[in-house]
1. How far, in degrees from 0 to 90, does helix 82-96 lean away from the longest principal axis of the Cα atoms of the chain, to the nearest 10?
2. Please figure out what share of the DSSP beta bridges in the chain is antiparallel and state it in percent, rounded to the nearest 5.
3. Which GluC sites (Glu not before Pro) in the range 15-103 sit in a loop by DSSP (not H, G, I, E or B) and have at most 10 other Cβ atoms within 10 Å of their own Cβ?
4. Just from its helices, what would the mean residue ellipticity at 222 nm be for the chain, if runs of 4 or more DSSP H residues each count -39500 (n - 2.57) and the sum is divided by every residue, rounded to the nearest 500 deg cm²/dmol?
Amino acid sequence: MGAPEAYVERYLVAEIAAIGGRAMKFTSPGTSGVPDRVVMAPGAHTLFVELKRPGGRPRPLQVVTIEAMRESGADVRVIDTREGVDDLVRELRREGGAANGDD
């Protein structure tokens, strides 16, 4: 059951690295329900990504935490497919330009 989510997560890490960014594991001791990764992309764009297996949805506590983060101004995404990762990478390339410049 965990393999599909891990597959999407590995893909995110690789694709963000390919544009010169980082997708680091995110934990917040004492706070449950935080997103899985913090993504730093070229152009100084930082966002949080909650990864799910295809078709998966955030748990109720995750929904509350994500909404609170968004209300505080954080950019938080929920991604459950490789296509979702591809969409995010295209968006980040448009906003900040890729490190390799092959846009």
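1. It works out to around 60 degrees.
2. Restricted to the chain, the bridges split so that about 70 percent are antiparallel.
3. Listed in order of number, the matching sites amount to none.
4. Numbers: 3 runs with 44 residues, N = 103.
Per the formula, -14000 deg cm²/dmol.
All of the numbers you see were taken from the coordinates with simple rules; none came from a lab. Source: prediction; values computed, not measured. Cβ coordinates were reconstructed from backbone atoms using ideal geometry, including for glycine residues, and neighbour counts include every protein chain displayed.
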